[in-house]
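Worksheet: the structure to be examined is printed underneath.
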Amino acid sequence: MPLKKFAVIGAGRYGREICARLAAQGAEVFAFDVSDEKIEEVKDVVSLAVSLDSTDKRALRANKIEDMDAVIIAIGENFEATVLTAINLIDLEVKRVIARASGETQRRILEKIGVEEVLSPESEVAGIIAEKLINPSITGFLRLPDGYEIAEIKCPKGIVNRTLEDINLRDKYGLTLVTLKRRYETGENEEGEMNTEEHIIGVPKSETVIYESDTLVVFGTLRDVKRFIEINE
């Protein structure tokens, strides 16, 4: 798997924790902050730490921000700076932009300007965010004792249109399928776009077929989850 490159804009406590978690998993991490003091605190954790104003598009371009696999905007209380930074990143065609929102109003603003991944306070656990960045197929997970977890996984290409019996999750991968989340089309909206709803498929049976848009909810170790994704992606 090629080395992934991430930038974290905002090197406060939360941003530093994300940097540390990503670096611990072998990613190449770049930290940016307007504060020289905060950059000094994070420089030993990351590949590169630079003091810059992320609301300045030229400064971001000069640091090749568009080459990153993802950029996480972890700016603290300055929501205006978050919005301006997000606009700059979108203009520079960064592949994946992730930003924090405090409350529904901020979330809606960020989504309106084109940020597709918005972190809400309840999801702001640095370890979980880092894991989802390293493994984009994992859309969510709940850590359990003794190294186990319940993970939500986007359907890997290698199991599309196969039955659970054929995939053999338990014997081949050491995973137990808890349930499936499946998307259904519910008709067009006023703008001509197709509306979809997601529903739980109860307890799947051995003959249940897995579709491309499904999300698998599995129980197992993080190591086995990663192995399953790598083999089938």
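The values are calculated or read from the model by the stated rules, or taken from the named source; none is laboratory data. Computed from a predicted model, the values in this text were never measured in an experiment. Backbone-built Cβ (ideal geometry, glycine too); neighbour counts: all protein chains shown.
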- prompt: Which of the following residues is assigned to a strand (DSSP E or B), polar (S, T, N, Q) and under 18 Å from the mean Cα position of the chain (by Cα): Thr139, Thr179, Thr186?
  reply: Thr139
message: I want to confirm something. Restricting to the stretch 142-169 and keeping residues that are assigned to a strand (DSSP E or B) and free of Cβ contacts under 8 Å to residues at least 60 places away in the same chain, which single residue is farthest from Leu216 (Cα to Cα)?
response: Arg143
message: Quick check on the stretch 61-75. Is at least one of its residues without any contact (Cβ under 8 Å) to a residue 40 or more places away in the chain, out of contact with any Gly (no Cβ under 6 Å at 6 or more places or on another chain) and crowded, with 18+ Cβ neighbours inside 10 Å?
response: no
Positions within the stretch 206-226 being over 12 Å from Ile153 (Cα atoms), of a type in the set (D, E, K, R) and either in contact with a Leu (Cβ under 7 Å, 6 or more places away or on another chain) or crowded, with 16+ Cβ neighbours inside 10 Å (or both), in sequence order: Asp224
Selection count, the stretch 33-60, where residues are of a type outside the set (Asp, Glu) and free of Cβ contacts under 8 Å to residues at least 12 places away in the same chain: 2
query: Could you say whether any residue in the stretch 81-99 is assigned to a strand (DSSP E or B), surrounded by fewer than 18 Cβ atoms within 10 Å (Cβ to Cβ) and either at negative phi or at pLDDT 80 or above (or both)?
result: no
field: Asp171 vs. criteria at pLDDT 80 or above, over 23 Å from the mean Cα position of the chain (by Cα), farther than 28 Å from Ala86 by Cα and acidic (Asp, Glu)
entry: yes
